[in-house]
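Report on one structure; see the data block that follows.
The values are calculated or read from the model by the stated rules, or taken from the named source; none is laboratory data. Just so it is clear, the model here is predicted, and its values are computed rather than measured. Cβ atoms come from the backbone with ideal geometry, glycine included; neighbour counts cover every protein chain shown.
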Amino acid sequence: MNRITLYSHQYGPNPWKVVLILEELKVPYETKFIDFKHVKTEPYLSLNPNGRLPTIEDPNTGLMLWESGAIVEYLIERVTGVLDRALGDRDWLVGEKCTYADLSFVAWQRWGTRYAGDDLYEKFPKVGAWMKRVEARETVRKIYHDQDEAISKVERGE
């Protein structure tokens, strides 16, 4: 897999949101920092006609994309697509039963629809079916409950 190029700025917050997702998903990338005074001029405008940061260029798909929200959604869908293909005709990621691989991955995948949209599992039905199987496990339901409770306490300022 070729590295994605991220056009960024050292201070702008939106490019760093994208970096967080790239790092979490372990997607290979390189960063090219663009000074703000150059984002409204060529050659940058040929990459992003909005003249804003960030922009990514994915040589694996030929896609040029800008706006941090759209980039994050694309990255999550890209990884979910890989997961969908990896599942193939199997119910679990490895072997004939739920394993550490499934349980490790579900902690991240739980938040996929929050960032990539409610239709994520319509686009990737194998992942949707796999999530239902994993989420049906008593331990996963308990951890989800515990995490939701912990988040609620933080949001209430406790």
### Message
Looking for something closer than 14 Å to Pro15 by Cα and of a type in the set (Ser, Thr, Tyr) - is there at least one such residue anywhere in region 36-44?
### Response
no
### Query
Which residue pairs have Cβ atoms closer than 8 Å, lie 6 or more positions apart in sequence or on different chains, and pair a first residue in region 123-147 that is of a type in the set (Asp, Glu) with a second residue that is in a helix (DSSP H, G or I)?
Glu135/Val106; Glu135/Arg141; Glu135/Tyr144
#### Entry: Val27 being in a helix (DSSP H, G or I) and among the β-branched types (Val, Ile, Thr)
no
#### Entry: Only one of Ala101, Ala107 that is in contact with a Leu (Cβ under 9 Å, 6 or more places away or on another chain) and modelled with pLDDT under 95
Ala101
### Query
How many residues are under 18 Å from the mean Cα position of the chain (by Cα) and of a type in the set (Asp, Glu) when one looks only at region 4-48?
3
### Task
Looking only at region 82-136, count how many residues are surrounded by fewer than 12 Cβ atoms within 10 Å (Cβ to Cβ), under 19 Å from the mean Cα position of the chain (by Cα) and either in the same structural domain as Leu25 (by the TED database) or not polar (S, T, N, Q) (or both).
7
### Message
Considering only region 47-63, I want to know if a residue exists there that is assigned to a helix (DSSP H, G or I) and either assigned by the TED database to the domain that holds Arg137 or over 24 Å from Gln109 (Cβ atoms) (or both).
### Response
yes
### Message
Just to be sure before I move on: is Val27 at pLDDT 95 or above and not small (Gly, Ala, Ser) in the structure I sent?
### Response
no
